[in-house]
Amino acid sequence: MVVLINIAFLYNVKKVAPSLENPEADIYAEFDSPETIAGIRKAIEANNHKVICVEADEYAYHKLKELKDNKKVDLVFNIAEGLRGESRESHIPAMLEMLGIPYTGSGPLTLAVTLDKARTKEILNHYNIPNAKFKVFNSEKEQLGDLKFPLIIKPLAEGSSKGIKDDCVVYDEKKLKKKVSEIIKKYKQPALVEEFLDGREFTVGIIGNGKEAKVLPIIELNFDFLPKNAAKIDSYEAKWIWDDGTSKIDPLICPAKLDKNTKKAIEDVALKAFNVLGCKDWARLDIRFDKDNQPNIIEVNSLPGIIPDPKENSRLPRAAYAAGMSYEELLGKVIDVAGKRHSINIK
Ligand SMILES: Nc1ncnc2c1ncn2[C@@H]1O[C@H](COP(=O)(O)OP(=O)(O)O)[C@@H](O)[C@H]1O
Ligand SMILES: [Mg+2]
């Protein structure tokens, strides 16, 4: 077999499975399981690259420096979520930038900004990209201003629906205060309060850069599998507990059924947000219709999840399958666009 390039694969390992009872589960919500890590490694190898696995722990810098000094790395395939801190997703890319090792995906600035949902929204507002009206609460005593119920409350800077439980959608001031105070205390960060967009929800994968960035088939979230009284949101319970692969209802519809103009409006808003935030190589954007069926950006996932097991309904792989790509081809494509961006000769 001809080895194309040497790829160091950087990740964080999930040590506790998703659960509503075990408080430790939250700490690992964004990390990847050993099965996912093994699956990604295999898929990169299937593209004829040599893979060196590097856990993105506190020794990561030294391991990367050694690989660089020994000329054993051409590119890093990065899915590291970061160990801790408000800019955690940017830590590995910042080290790589310093060491001069090329890597897949967005840089430290974009990763740090998109992890902070309010900062992201400020940038979107600057470019007139629709998103829900919001306010950051540092204490439950703050005034709501002109925000209108229903509202949704989430931790300012988390992912994987961490802290977004079924009871995060509130209809009155009392419940708002209770939830804001709970989130600030539990997640040790401000709470983001947003007007609730109750239209259809989509998630949109993008691969590529600049004019060559391509939108994958749009996924619509199907909330019909949720328990009857559950809020129509992609909550922690919805993502990790209720979607256990046993429901007869597929929680994702891909490609989403949309007329041409609506599809284009969603694609345009996704690409615009991807570009103004400086995303590189790939991302997945959550989008929801407002009451006028205008697509609003909910969130920009500049480090999208890629669980290989099809039963897990991981979104970006699901969109890639609908585009006729295999899992291996999806990762191969991300590596190719990153290689091209860094002028690495892969083939
Ligand atoms: N303003 C909003 N209006 C309606 N639903 C929302 C809003 N913000 C978040 N949600 C719901 O909560 C889910 C999780 O929110 P999101 O910000 O994407 O968090 P995460 O980073 O955990 O994925 C969304 O997929 C959506 O279903
Ligand atoms: Mg999301």
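The values are calculated or read from the model by the stated rules, or taken from the named source; none is laboratory data. Just so you know, these numbers come straight off a predicted model, no measurement behind them. With ideal geometry, Cβ positions are generated from the backbone for all residues, glycine too; neighbour counts draw on all protein chains shown. Just the protein is used for accessible areas: all its heavy atoms, side chains included, with ligands, DNA and RNA removed. Shrake-Rupley method; radii C 1.70, N 1.55, O 1.52, S 1.80 Å.
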Inset, instruction - Project the alpha carbons of region 122-223 onto their principal axes and report the range along each, largest first, in whole Å. - result: 47, 32, 26
Legend entry - Computed E for GLU35/ASP167 - FRET, C-beta separation, R0 30 angstrom, nearest 0.05: 0.45
Inset, instruction - In a Gaussian network model over the chain where Cα atoms closer than 10 Å are linked, find which of ILE335, ILE207, ILE249 has the largest mean-square fluctuation. - result: ILE249
Inset, instruction - Using only the alpha carbons of region 178-226, determine the length spanned along each of the three principal axes and report them from longest to shortest in whole angstroms. - result: 44, 31, 18
Legend entry - Cα-based shape type of region 183-337, given that a ≥ b ≥ c are square roots of the gyration tensor eigenvalues and the cut on a/c is 1.5: rounded
Legend entry - Top of LEU176, LEU197, LEU99 by mean-square fluctuation, Gaussian network on the chain, Cα under 10 Å: LEU99
Inset, instruction - Mind running the shape call on region 75-136? Use the C-alpha gyration tensor, a ≥ b ≥ c as the square roots of the eigenvalues: rounded below 1.5 for a/c, prolate if a/b tops b/c, oblate otherwise. - result: prolate
Inset, instruction - Run the accessible area of the chain with a 1.4 Å probe and give the carbon-and-sulfur part as a rounded percent. - result: 52 percent
Inset, instruction - Quote the FRET efficiency, to the nearest 0.05, computed for GLU21 versus LYS248 with a Förster distance R0 of 35 Å and r equal to the Cβ-Cβ distance. - result: 0.85
Inset, instruction - Using only Cα atoms, locate the centre of region 192-230 and the centre of region 67-130, then give the distance between them in Å, rounded to an integer. - result: 22 Å
Inset, instruction - Report the Stokes-Einstein translational diffusion coefficient (µm² s⁻¹, integer) for the chain, Rh taken as the Kirkwood radius over Cα pairs, at 25 °C with viscosity 0.890 mPa s. - result: 118 µm²/s
Legend entry - Per-peptide average of other Cβ atoms within 10 Å, ordering 59-65, 122-128, 19-25 highest first: 59-65, 122-128, 19-25
Inset, instruction - Any chance you could run the full-extension gain for LEU99 through LEU147? It's 0.36 nm times the residue separation minus the Cα-Cα distance, nm to one decimal. - result: 12.7 nm
Legend entry - Charge dipole (the chain, unit charges on Cβ, about Cα centre) - positive-most of LEU271, LEU20, GLY159: LEU271
Legend entry - For the chain: accessible area per residue (Å², 1.4 Å): 48 Å²
Inset, instruction - Subtract the Cα-Cα distance of LYS178 and ASN6 from 0.36 nm times their separation in residues, and report this length gain in nm to one decimal. - result: 56.8 nm
Legend entry - Normalised contact order of region 131-195, rounded percent, pairs of Cα under 8 Å and 6 or more residues apart: 52 percent
Legend entry - Shape call, region 268-347: gyration tensor on alpha carbons, a/c limit 1.5: oblate
Legend entry - the chain: calculated mean residue ellipticity at 222 nm from DSSP helix runs of at least 4, using -39500 (n - 2.57): -9000 deg cm²/dmol
Inset, instruction - Estimate the FRET efficiency between ASP57 and LYS188 by the formula 1/(1 + (r/R0)^6), using the beta-carbon distance for r and 22 Å for R0, to the nearest 0.05. - result: 0.50
Inset, instruction - Please identify, among LYS248, LYS179, LYS263, the residue showing maximal mean-square fluctuation in a Gaussian network model of the chain using a 10 angstrom Cα cutoff. - result: LYS248
Inset, instruction - Translational diffusion coefficient, Stokes-Einstein: compute it for region 6-104 using the Kirkwood radius over C-alpha pairs as Rh, at 37 °C and 0.692 mPa s, and state it as an integer in µm² s⁻¹. - result: 233 µm²/s
